[in-house]
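The values are calculated or read from the model by the stated rules, or taken from the named source; none is laboratory data. Model, not experiment: these values are computed from the prediction. Note: ideal-geometry Cβ built from the backbone for every residue, glycine included; neighbour counts use all protein chains shown. Note: areas computed on protein heavy atoms with side chains; ligands, DNA, RNA excluded. Shrake-Rupley method; radii C 1.70, N 1.55, O 1.52, S 1.80 Å.
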Amino acid sequence: GNLVIYKNKIQRVTCILFVKEHNSYVVYLDDDFAYDYDDIKPVRINEKLLINSGIYFRSYFWYTEEKETLRFRLLINSYYKTWICWDSKQKITLENRGIFQKLPHIKYAHQLQNLYFALTGKELELKF
């Protein structure tokens, strides 16, 4: 997870450290170099990202998985607002949509990846 943009290139964050002497953060990326935190930008959730990552569109929402045994489903509407749908007693299907909760703070790819991992214990591989 944790994809970000550095100099117009998408990279993966491997570590973030606070440097007390400079009162600032440094970010280590895939290339094992440290970069100033302010030079790193988040990747916004967008249609190309969702399509390339195998997230499919149906009935006004993007869906992370199409498994019948899920007890939750992440939904992203056409305005790229993220919602979670769950039902603690039965599986989530297209007919039984469960309870919806808006997640307004989820705007970027790394946030979506972290949420998915917290819910499933698995990485959400995003492809550009």
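Of the residues in region 54-64, at least one is loosely packed, with under 15 Cβ neighbours inside 10 Å and at pLDDT 75 or above. Residues of region 112-127 that are of a type outside the set (A, V, I, L, M), open to solvent by less than 50 Å² (accessible area, probe 1.4 Å) and touching a residue at least 40 places away in the same chain (Cβ under 8 Å): GLN113, TYR116. Of all residues in region 16-41, those satisfying the criterion of being open to solvent by less than 50 Å² (accessible area, probe 1.4 Å) and farther than 23 Å from ILE106 by Cβ are VAL19, SER24, VAL26, TYR35. With respect to the conditions (1) surrounded by fewer than 11 Cβ atoms within 10 Å (Cβ to Cβ); (2) touching a residue at least 40 places away in the same chain (Cβ under 8 Å), ARG44 falls short on a single one, namely (1). Within region 27-54, the set of residues being more than 19 Å from TYR116 (Cα to Cα), under 22 Å from the mean Cα position of the chain (by Cα) and among the aliphatic types (A, V, I, L, M) comprises VAL27, LEU29, ILE40.
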